[in-house]
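The values are calculated or read from the model by the stated rules, or taken from the named source; none is laboratory data. These numbers come from a predicted model, not from an experiment. Every residue, glycine among them, receives a Cβ derived from its backbone with ideal geometry; neighbour counts consider all protein chains shown.
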Amino acid sequence: MAKLPPLKEWVEEVQDGAYGMKWRVKARLFEGKSPFQSVAVYDTVSHGRMLLIDGLLMTSERDEFVYHEMIAHVPLFLHPRPRRVLVIGGGDGGTVRETLKHPTVESVTLVEIDGMVVDAAREYLPSTSACLADPRVSVRIEDGVKFMAAHESEPFDVILIDSTDPIGPAQPLFGPGFYADVKKRLSADGIVVAQGECPFYRLDVQAALRKVVAGVFGSGTLYNYHNLTYPGGLWSFVIASKLPRDLAAPDPERVAALQAGLSYYNLETHRAAFALPEFMKRGLR
Ligand code: SPD
């Protein structure tokens with residue numbers, strides 16, 4: 001690794017040049033520039049190790065469980081028997097780790113465009129990435145959009161789009177062509193969930209994404225989670241199912257069986273996640 005520049009006291013995430021958050025840095029562990037983006041891992045005083053891509057915080061040891069549990073368990077507890085799961089993005093491994101907690105899951109394919117993200121996570125974020133060595137997991141360093149368009153295989157029961165924000169290489173992951181391919185790759189009773197941004201700051205992006213997903217699947221539903229390190233605190237995922245189903249009704253017996261290993265997700269947080277505040281309902285119409 002190239003020699004790191006002198007220690008900076010704070011790492012900052014600035015949004016729209018107007019507001020931001022900062023965390024006191026204990027150590028710079030990794031800073032690199034891939035063909036796609038900048039990748040950095042810092043150890044911080046208050047939030048443990050953090051992964052940043054292009055200066056935007058992707059995951060922190062302190063609160064990553066919230067995001068990763070809510071992207072994975074909401075669809076996995078809704079699907080009657082998820083066996084084959086595909087994760088697009090998510091090179092830190094947290095989404096794969098949660099997926100593997102489901103005993104019916106036989107294989108997880110992770111398609112991450114940037115090998116540097118996976119390598120940095122393997123080296124510096126073992127608590128999220130160790131699962132990538134599980135024999136049920138295949139890691140493919142490929143463009144998720146091209147993979148979705150070209151890859152012919154047995155369909156997936158659940159597809160999780162664990163993307164960065166809709167800038168840079170992640171932008172096509174928010175478009176209609178991509179979702180048309182997602183639908184083709186899903187099994188007849190398949191479910192897709194995608195990272196859906198922050199309602200306070202990106203309601204326009206949420207409305208556009210919901211419209212794209214609804215255009216392909218017939219409906220697209222936002223659900224929320226509370227976050228400590230993403231700007232705005234309240235963030236969302238979008239979910240769509242090929243079969244009509246009650247999205248707020250997971251299987252209680254299966255939840256109870258895995259509950260001891262979960263820290264944010266439970267029956268109540270699943271149900272409540274679908275209760276949207278009024279400004280969101282209006283903005284999404
Ligand atoms: N602004 C942050 C959005 C990040 C979404 N992806 C996080 C990746 C965690 N696996």
The one condition in (1) in a strand (DSSP E or B); (2) free of Cβ contacts under 8 Å to residues at least 40 places away in the same chain that VAL85 fails to fulfil: (2)
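Residues checked against (1) closer than 19 Å to ASP165 by Cβ; (2) surrounded by 19 or more Cβ atoms within 10 Å (Cβ to Cβ):
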position	(1), (2)
LYS22	yes, no
PHE36	yes, no
VAL41	yes, yes
THR44	no, yes
MET50	yes, yes
THR59	yes, yes
GLU64	yes, yes
PRO82	no, yes
The range 108-157, residues that are closer than 18 Å to SER187 by Cα and more than 18 Å from the chain's Cα centre (by Cα): ALA149, ALA150, HIS151, GLU152, SER153, GLU154, PRO155
Some residue of the range 97-116 being surrounded by 24 or more Cβ atoms within 10 Å (Cβ to Cβ), free of Cβ contacts under 8 Å to residues at least 60 places away in the same chain and closer than 15 Å to LEU262 by Cα: yes
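Okay, residues lined up against (1) in the same structural domain as PRO199 (by TED's automatic domain parsing); (2) within 13 Å of the ligand (Cβ to nearest atom); (3) in contact (Cβ under 8 Å) with a residue 60 or more places away in the chain:
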| position | (1), (2), (3) |
| --- | --- |
| SER219 | yes, no, no |
| ASN224 | yes, no, no |
| PRO231 | yes, yes, yes |
| SER236 | yes, yes, no |
| ASP246 | yes, no, no |
| ARG254 | yes, no, yes |
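Looking only at the range 140-157, count every residue that is assigned to a helix (DSSP H, G or I) and either among the hydroxyl-bearing types (Ser, Thr, Tyr) or in contact (Cβ under 8 Å) with a residue 60 or more places away in the chain (or both) and tell me the total.
Our first condition is that a residue be assigned to a helix (DSSP H, G or I); within the range 140-157, this holds for 144-150.
Keeping just the survivors that are either among the hydroxyl-bearing types (Ser, Thr, Tyr) or in contact (Cβ under 8 Å) with a residue 60 or more places away in the chain (or both) gives 148.
Final tally of qualifying residues: 1.
Which one of these is of a type in the set (S, T, N, Q) and away from the ligand (no atom under 16 Å from the Cβ): SER153, SER163? Before you say what the answer is, go through the steps one by one.
Numbers: SER163 fails: away from the ligand (no atom under 16 Å from the Cβ).
One residue alone meets the criteria, SER153.
Yes or no, residue by residue, for (1) in a helix (DSSP H, G or I); (2) within 13 Å of the chain's Cα centre (by Cα); (3) among the β-branched types (Val, Ile, Thr):
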position: LEU51; (1), (2), (3): no, no, no
position: MET58; (1), (2), (3): no, yes, no
position: ILE71; (1), (2), (3): yes, yes, yes
position: PRO75; (1), (2), (3): yes, yes, no
position: GLU98; (1), (2), (3): yes, yes, no
position: LYS101; (1), (2), (3): no, no, no
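Those residues that are part of a helix (DSSP H, G or I) and in contact with a Leu (Cβ under 8 Å, 6 or more places away or on another chain), I need them from the range 158-177; list them, please. Can you show your working first?
Keep residues of the range 158-177 that are part of a helix (DSSP H, G or I), which gives 168-174, 176-177.
Residue satisfying the conditions is PHE174 alone.
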Residues satisfying the stated conditions in the range 256-268, i.e. free of Cβ contacts under 8 Å to residues at least 60 places away in the same chain and either under 28 Å from LEU203 (Cα atoms) or in contact with a helix residue (DSSP H, G or I) (Cβ under 9 Å, 6 or more places away or on another chain) (or both): ALA256, GLN259, ASN266, LEU267, GLU268
Subset of the range 260-285 (residues that are over 30 Å from GLY215 (Cα atoms) and surrounded by fewer than 13 Cβ atoms within 10 Å (Cβ to Cβ)): ALA260, GLY261, SER263
Filtered residues of the range 115-140 (kept if in contact with a Ser or Thr (Cβ under 6 Å, 6 or more places away or on another chain) and within 12 Å of the ligand (Cβ to nearest atom)): ALA121
Scope the range 228-259; condition surrounded by fewer than 20 Cβ atoms within 10 Å (Cβ to Cβ) and of a type in the set (S, T, N, Q); matching residues: GLN259
